[in-house]
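Worksheet for the structure shown next.
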Amino acid sequence: MRDFIGQRRLLARLSERALRGDVAHAYELSGPRSIGKRTVAIRLAQTLLCTSEPHPAGGCGTCLACRKIDHQTHPDVRMVGRLVDLEKENDRKQIAIEQIREMQQDLALRPLEGRWRVVVIDDAADLSEHAEVALLKTLEEPPPHAVLLLLTTTPAALLETIRSRLVPLSLRLVSTTEIAEGLADRFGADAPRHAAAAAGRPGLAIALASDEGARKSRRAAEAEFYRLVSSGLTERFAWAADVAESDRDPQKRNEAIETRLAEWCELARDAAVAPHQVGRALRPERVSESDRLAKAVSQRELVDFALALERWRRDMVESNVNARMLLELLVLKLPYAATLREAA
C-alpha cells in the first residue's frame, strides 16, 4: 500500500467492503497516538471517493479526488478537530458545538463531487459536552450519504450513547520489523533504532527519524518518567511542586502538563504491551526501561495508570483544574519500581 506502515489488513478489509457498497454511517477508530488512525481514515475516504479503477489499498492515490483528499481540499471531506487561536488569547481546547453544527450543515447537502460526504473527527474525546449532544442527533438519524469517522485514543471517554452507534475498529500496534522495513528507504541504517524506540507506532517512528525536536522531547519524557517511577514520595512531591510553579502563565503551564500526561500515557502503555510485542528482535542491545518496568510492575497497574492519565488530561481540557493537586494525584498513582534505579 502507498507509503503506509501497518494496519494493512484492517484497511484492506474496510476497502473491500466499501467497494461492495457495505459502508456503515459511523466508525470508531481507536488506538494509541501515532498508530495510524488518521491515515486509515484518509485512505478510507479515498476508497469511497476515488474516481479511478477500484483499488483495495484505499483509493488509487493519483486521481484528482485522491489528491484533493491528501491535500485536504476535497469539498466532500471535512476534518474536524479542536481549534487553537494562534494569538493564544482564546485558545480553545475542545471541539466546539459550532464546529458540529457546521458539519451538520455540510451533511445536509448532497455530495458535490462524489457519492459520499465524509467527516473525520480527530480526537473525538475532545468533543465538548454540548458538541457530543449535537453529534448524537446526527448519529441517530444520519443522512444516507454520510460517513463519519471518529478517531480516539480513549474510546471510554466517549458517551456510551455515541459509542453504541459506531462500528468499533481497534488499530493494533505494528511490529518493530514492519516499521523498520517501512522506514528503510528513507532512513537507512537508522531505521531499526527509530522503529524500536517507537514501540509499535509508525507515526512516532517517522517523527523520531525525521525530527530532532521529537527525539529530544521523547528522551526527556522517558528520563523524567523512569526517574520518578523509581523515586520515593518525597522526590515525587518535590517534582510536582516544581512543575506546578514552572511557568507564571497558567495556560502555558497547563499545556506543558497536558503534553506530559500524553507522553507518560504512551510510556505506560508501551511497558504494558512490552512482553507481548512482536518483532522485538530489532531492539537495541541495551535492555530498555520499558522492558524492565514491565517486569517490575503488573500489566493491570500500568493500564490503570494510563487510563488515569487520559482521564486527567481530559479534565485539564474540560475544566479549570488545580494543576498542583492534579500533579500530586499523578505521583501518588504512578507505579513504583525500585529495580529501575538498581539497574541504572
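The values are calculated or read from the model by the stated rules, or taken from the named source; none is laboratory data. As the structure is a prediction and not an experimental result, all values here were calculated from the model. FYI the Cβ positions are ideal-geometry reconstructions off the backbone, even for glycines, and counts take in every protein chain you see.
Condition check ((1) out of contact with any Lys or Arg (no Cβ under 6 Å at 6 or more places or on another chain); (2) of a type in the set (A, V, I, L, M); (3) under 14 Å from Trp239 (Cβ atoms)) across all residues:
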residue: Ala296; (1), (2), (3): yes, yes, no
residue: Arg300; (1), (2), (3): yes, no, no
residue: Val303; (1), (2), (3): yes, yes, no
residue: Arg311; (1), (2), (3): yes, no, no
residue: Asp315; (1), (2), (3): yes, no, no
residue: Met325; (1), (2), (3): yes, yes, no
residue: Glu328; (1), (2), (3): yes, no, yes
residue: Val331; (1), (2), (3): no, yes, yes
residue: Pro335; (1), (2), (3): yes, no, no
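Six or more apart or on different chains, Cβ atoms under 7 Å: show the pairs whose first residue is in the range 126-150 and closer than 23 Å to Arg38 by Cβ and whose second is assigned to a loop (DSSP other than H, G, I, E, B) and among the polar types (S, T, N, Q).
Asp126/Gln94; Leu127/Gln94; Ser128/Gln94
From Thr152, Thr176, which residue is modelled with pLDDT under 90, under 19 Å from the mean Cα position of the chain (by Cα) and of a type in the set (S, T, N, Q)? Break it down into steps so the answer makes sense when it comes.
Numbers: Thr152 fails: modelled with pLDDT under 90.
Step by step, each of Thr152, Thr176 is checked, and only Thr176 is modelled with pLDDT under 90, under 19 Å from the mean Cα position of the chain (by Cα) and of a type in the set (S, T, N, Q).
Quick grid of which residues meet (1) within 17 Å of the chain's Cα centre (by Cα); (2) part of a helix (DSSP H, G or I); (3) at pLDDT below 85; (4) not hydroxyl-bearing (Ser, Thr, Tyr):
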{"position": "His194", "(1), (2), (3), (4)": "no, yes, yes, yes"}
{"position": "Ala214", "(1), (2), (3), (4)": "yes, yes, yes, yes"}
{"position": "Ala220", "(1), (2), (3), (4)": "no, yes, no, yes"}
{"position": "Ala223", "(1), (2), (3), (4)": "no, yes, no, yes"}
{"position": "Trp239", "(1), (2), (3), (4)": "no, yes, no, yes"}
{"position": "Asn254", "(1), (2), (3), (4)": "no, yes, yes, yes"}
{"position": "Leu261", "(1), (2), (3), (4)": "yes, yes, yes, yes"}
{"position": "Arg269", "(1), (2), (3), (4)": "yes, yes, yes, yes"}
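Could you grab me the full set of residues in the range 225-234 that are part of a helix (DSSP H, G or I) and more than 13 Å from Leu330 (Cα to Cα)? Quick ask: steps written out before the conclusion?
We begin by selecting, within the range 225-234, every residue part of a helix (DSSP H, G or I); these are 225-229, 233-234.
Scanning the range 225-234 gives Tyr226, Arg227, Thr234.
Restricting the search to the range 30-76, which residues are of a type in the set (A, V, I, L, M) and in a helix (DSSP H, G or I)?
Val40, Ala41, Ile42, Leu44, Ala45, Leu48, Leu49, Leu64, Ala65, Ile69
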